[in-house]
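The values are calculated or read from the model by the stated rules, or taken from the named source; none is laboratory data. A quick note: this is a predicted structure, and the numbers were derived from the prediction, not measured. Positions of Cβ are backbone-derived with ideal geometry, glycine not excepted, and every protein chain shown enters the neighbour counts. Note: areas computed on protein heavy atoms with side chains; ligands, DNA, RNA excluded. Shrake-Rupley method; radii C 1.70, N 1.55, O 1.52, S 1.80 Å.
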Amino acid sequence: MMISVPITLEQLIAVVQQLQPAERAIVAQELIKVDLAADLKALIQELYSQPPIDNITDDDIMAEIKAVRQQIGKK
(Lines give C-alpha, C1' and ligand atoms only; values in the text may rest on other atoms or scores of the structure.)
Protein backbone atom coordinates (compact mmCIF):
# COMPACT_ATOMS: atom_id res chain seq x y z
CA MET A 1 0.00 0.00 0.00
CA MET A 2 1.41 3.38 -0.99
CA ILE A 3 0.78 6.46 1.06
CA SER A 4 0.75 9.85 -0.63
CA VAL A 5 1.91 12.87 1.35
CA PRO A 6 1.77 16.36 -0.15
CA ILE A 7 5.17 18.09 -0.01
CA THR A 8 6.48 21.29 -1.50
CA LEU A 9 9.65 21.49 -3.55
CA GLU A 10 11.32 23.48 -0.78
CA GLN A 11 10.45 20.78 1.76
CA LEU A 12 11.79 18.07 -0.53
CA ILE A 13 15.06 19.96 -1.02
CA ALA A 14 15.40 20.47 2.73
CA VAL A 15 14.92 16.75 3.33
CA VAL A 16 17.44 15.78 0.63
CA GLN A 17 19.99 18.21 2.11
CA GLN A 18 19.69 16.38 5.44
CA LEU A 19 20.66 13.04 3.89
CA GLN A 20 24.13 11.57 4.12
CA PRO A 21 26.29 12.03 0.99
CA ALA A 22 25.81 8.38 -0.09
CA GLU A 23 22.05 8.73 0.26
CA ARG A 24 22.08 12.00 -1.72
CA ALA A 25 24.03 10.20 -4.44
CA ILE A 26 21.30 7.56 -4.64
CA VAL A 27 18.63 10.26 -5.00
CA ALA A 28 20.69 11.94 -7.74
CA GLN A 29 21.14 8.64 -9.60
CA GLU A 30 17.40 7.99 -9.51
CA LEU A 31 16.67 11.49 -10.84
CA ILE A 32 19.17 10.95 -13.66
CA LYS A 33 17.45 7.66 -14.56
CA VAL A 34 14.12 9.45 -14.87
CA ASP A 35 15.59 12.19 -17.06
CA LEU A 36 17.51 9.73 -19.22
CA ALA A 37 14.46 7.54 -19.65
CA ALA A 38 12.39 10.54 -20.76
CA ASP A 39 15.13 11.71 -23.15
CA LEU A 40 15.56 8.21 -24.57
CA LYS A 41 11.80 7.82 -25.06
CA ALA A 42 11.64 11.16 -26.90
CA LEU A 43 14.58 10.18 -29.11
CA ILE A 44 13.04 6.82 -29.97
CA GLN A 45 9.73 8.48 -30.80
CA GLU A 46 11.51 10.99 -33.02
CA LEU A 47 13.42 8.25 -34.83
CA TYR A 48 10.30 6.17 -35.41
CA SER A 49 8.37 9.19 -36.68
CA GLN A 50 10.80 9.59 -39.59
CA PRO A 51 10.25 7.62 -42.78
CA PRO A 52 12.61 4.68 -43.30
CA ILE A 53 15.58 5.16 -45.58
CA ASP A 54 15.73 2.15 -47.86
CA ASN A 55 18.29 3.32 -50.40
CA ILE A 56 21.43 3.11 -48.23
CA THR A 57 24.05 0.73 -49.59
CA ASP A 58 26.88 -1.06 -47.84
CA ASP A 59 29.25 1.26 -49.71
CA ASP A 60 27.45 4.29 -48.21
CA ILE A 61 27.86 2.83 -44.73
CA MET A 62 31.54 2.07 -45.25
CA ALA A 63 32.18 5.58 -46.61
CA GLU A 64 30.56 7.09 -43.50
CA ILE A 65 32.61 4.85 -41.20
CA LYS A 66 35.82 5.88 -42.97
CA ALA A 67 34.89 9.57 -42.72
CA VAL A 68 34.23 9.28 -39.00
CA ARG A 69 37.46 7.39 -38.41
CA GLN A 70 39.38 10.10 -40.27
CA GLN A 71 37.79 12.79 -38.10
CA ILE A 72 38.69 10.84 -34.95
CA GLY A 73 42.26 10.41 -36.19
CA LYS A 74 42.64 14.18 -36.69
CA LYS A 75 41.92 14.95 -33.05
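Numerical summary
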| item | result |
| --- | --- |
| Three semi-axes of the equivalent ellipsoid, the chain, Cα gyration tensor, whole Å, largest first | 45, 20, 9 |
| Sum of -39500 (n - 2.57) over DSSP H runs of 4+, divided by residues of the chain (222 nm, nearest 500) | -25000 deg cm²/dmol |
| Helix axis angle, 58-74 relative to the chain longest principal axis, alpha carbon, degrees | 70 |
| Of all accessible heavy-atom area on the chain, the percent that carbon and sulfur account for (1.4 Å) | 63 |
| Where labels lie 7 Å past Cα in the beta-carbon direction, separation of GLN45 and MET1 in nm | 3.6 |
| On Cα atoms only, tilt of 21-49 relative to the major axis of the chain in degrees | 40 |
